Amino acid sequence: MSVGTTTGTIEERLYSAALGEIPGASRLKLSGRGQLGGGYFPVSPANRAYPWLAAAELLEVRSTSAQDNPAGTGAYSIRVTGLSAAGAVVVQDITLTGTTAVPIPLPLFRVNSAEVLGIKSNVGTIVVRRLTPFVGDSLAIIPPTDARMMGSHYTIPAGRRLWIFATRFSAPVATIITRLRWRCPVKGWRVQDLALRTYAWAQGRTVEIPDVYEAGTDLSWEAQAIGVVTFELAALLTEA
């Protein structure tokens, strides 16, 4: 089945995937948020570029708040979803110990998502990072109260294919958002011109982007804007 040529709106296709009506397909939502400054920047906290690892590594998790632990007022555990060196999906649940770093048991080649488990949100910033001497390299950042990673990267797992359907930009106040660009090693940079418009939450813009990427592809996206910008990408993952 060619998802890219399926009839119906983007919303209908994503809804069909969620209901299991497209065999082997699942919907995927990626989100990023960052304070941008005019040029192209990763849509992620502190505009951090993702550190693409050359091999799988042991990683660790820590929070900037001592309250993020089972006895505190914040989050007590997170789920980290990444890829092995072979591209297989690896899911690991980690119990937080506040500002003390906790090792992640299995090595990861990529980190695709991180989310808080349970009903309490995180008080501090939670990071999934490399070990010494690379502790400044964060592979996932969960800002306070967000409960999930806000980043600008994704690697397609082995045996899967990613169909990008739409992106949406918005901002908490009137913000000039001019362009989006995303890249992969094979196709290079792809640019979506947003026509020098000013957007806020109520006027956020959704742009259809029919495109397809194969397993193992590293994707990253950036925006050209001035101000705080939130970016969401809606896609389908299907069997390759």
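Where residues in region 192-240 are among the charged types (D, E, K, R) and modelled with pLDDT of 75 or more, which of them is surrounded by the most Cβ atoms within 10 Å (Cβ to Cβ)?
The selected residue is Glu222.
Going by the conditions given, is Asn69 without any contact (Cβ under 8 Å) to a residue 40 or more places away in the chain, closer than 30 Å to Arg160 by Cα and touching a strand residue (DSSP E or B) at 6+ places or on another chain (Cβ under 8 Å)?
It is false that Asn69 is without any contact (Cβ under 8 Å) to a residue 40 or more places away in the chain, closer than 30 Å to Arg160 by Cα and touching a strand residue (DSSP E or B) at 6+ places or on another chain (Cβ under 8 Å).
Quick one: what pairs do we get from region 216-240, first residue aromatic (Phe, Trp, Tyr), second not in a strand (DSSP E or B), C-beta under 6 Å, 6+ apart or different chains?
Partner pairs satisfying both residue conditions: Trp221/Ser152; Phe231/Val43.
Which one is surrounded by the fewest Cβ atoms within 10 Å (Cβ to Cβ), of the residues in region 64-98 that are aliphatic (A, V, I, L, M) and outside any loop (DSSP other than H, G, I, E, B)?
The extreme case among them is Val91.
Picking from Pro157, Pro105, which residue would you name as being in the same structural domain as Ala235 (by TED's automatic domain parsing), modelled with pLDDT of 85 or more and not charged (D, E, K, R)?
Matching residue, one of Pro157, Pro105: Pro157.
Show me the strands (runs of 3 or more DSSP E) found entirely inside region 99-157 where at least 2 residues are among the charged types (D, E, K, R).
Output list reads 110-117, 126-130.
The values are calculated or read from the model by the stated rules, or taken from the named source; none is laboratory data. Quick caveat: nothing in here was measured; it's all calculated off a predicted structure. Please note: Cβ atoms are built from the backbone with ideal geometry, for glycine as well, and neighbour counts cover all protein chains shown.
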